[in-house]
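*Asks:* Here's a structure for you.
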Amino acid sequence: MPVNSPARDVLDTLDVQLLRALQIDGRASFSRIGAVLGVSDRTVARRFQRLCTLANLRVVGMTDDRRQGGVSWIVRLGCVPDAAESLADTLARRPDTVYVAVASGGTEVVCGVRDTDGLVLDRLHLSAGVTSVSAHCVLHSFHKGALGPVHRIAALAHEQEAALRPPPAESSDQPIPRPASDDVLLAALRRNGRTPLTQLGQVTGQSESAVRRRLERLRSAGVLHYTVQFDHEQLDHGFRVLLWLTVAPAHLTRVGHDLAGHPEVNFAAAVTGDSNVVVSTHFATRRELYAYLISGIRGVEGIGRAETSSVLRQVKRLAHP
């Protein structure tokens, strides 16, 4: 049965179901996914390789650096239009940036930065075209498995999603120890979240069973999660918008969880700064965005000012927004 989307002649229902399954658990085995979808593991493997070629599919292991004593920042760089593209390309080459995007009509670059010593602005060698800088420390991330157009197609039944969903992470904010072997392990997973245990054991010098236990521990502690990246244009011709919201402190946690439950929302986080919640959203049309601004956000008590920033080009993407 074809998918009701502009890419219906390219991706069929099984392709979209596989994408959704991987969004729920990026390291789920092909046999487990096949059992849930009612197909063989060989079929799942073939479709996976096809999507890697057709839609640049990647499963990426991502970390919540706060859980191991690190700090993550979202940095907004206002700039003249002529400087945006070159600045974004320069930032994308930095190893400490996890995503870089050109937004706001080419007058802004937004990037995510991993930083452990608090000198993030000092290390960003800004060009002469930068007109403003604001850095927002990520205080709490409201993660969710649903991403953009795949979630809204509702490719899987609730029972299928439940069969794939891993146990929830612990809610504690206490950091857990980070041995040196974690650096090698997590670096490998950032390159390929589905790296086999045998290869992970080789790069870390540990046994497969030790690696498996460490992955389970990092995941249950909320340090490690998996995200799926692919060309959304294969599903629709939508666009992403960053929302910068001002939320009353008393409502911050509830608002974050409420927003993370919206199908339009890919990611939401509490951050420092005048706008203390940032939300990454996806819409098929401008009309959908307008409807969300006047109804979706309006229905969430505690939100004051809302600023929108449309993403023009994703230069680097290893994580949200």
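Quick note: the coordinates plus some simple rules give every number you see, no bench work behind them. Keep in mind the model is a prediction, meaning the values are calculated, not measured. Ideal geometry is used to build each Cβ from the backbone, glycine not excepted, and the neighbour counts take in all protein chains shown.
*Asks:* Please arrange C111, C52, C137 by counting, for each residue, the other beta carbons lying within 10 Å of its beta carbon, fewest first.
*Replies:* Values: C111 23, C52 13, C137 16.
Final ranking by Cβ density, sparse to dense: C52, C137, C111.
*Asks:* Okay, next question. What fraction of the Cα pairs in region 15-84, stated in percent, has a spacing above 17 angstrom? Let's see the in-between values first.
*Replies:* Values: 1390 of 2415 pairs.
Distances greater than 17 Å cover 58 percent of the Cα pairs.
*Asks:* Based on the Kirkwood radius over alpha-carbon pairs, what is the Stokes-Einstein translational diffusion coefficient of region 9-53 at 4 °C with 1.567 mPa s viscosity, in µm²/s?
*Replies:* Working: Rh = 10.3 Å.
It diffuses with D of about 126 µm²/s by this estimate.
*Asks:* Quick one: E301, E161, E264, fewest Cβ neighbours within 10 Å first, how do they rank?
*Replies:* Numbers: E301 11, E161 19, E264 24.
Ranked by crowding around the Cβ, least crowded first: E301, E161, E264.
*Asks:* Between R217 and C52, what FRET efficiency comes out of the Förster formula 1/(1 + (r/R0)^6) with R0 = 45 Å and r the beta carbon distance, rounded to 0.05?
*Replies:* On the way: r = 29 Å, r/R0 = 0.64.
FRET efficiency, C52 to R217: 0.95.
*Asks:* Still on this structure: When the scattering of region 184-296 is computed by the Debye formula from its Cα atoms alone, each counted once and equally, what is log10 I(q)/I(0) at q = 0.19, 0.21 Å⁻¹?
*Replies:* Evaluating at q = 0.19, 0.21 Å⁻¹ gives log10 I(q)/I(0) of -1.00, -1.08.
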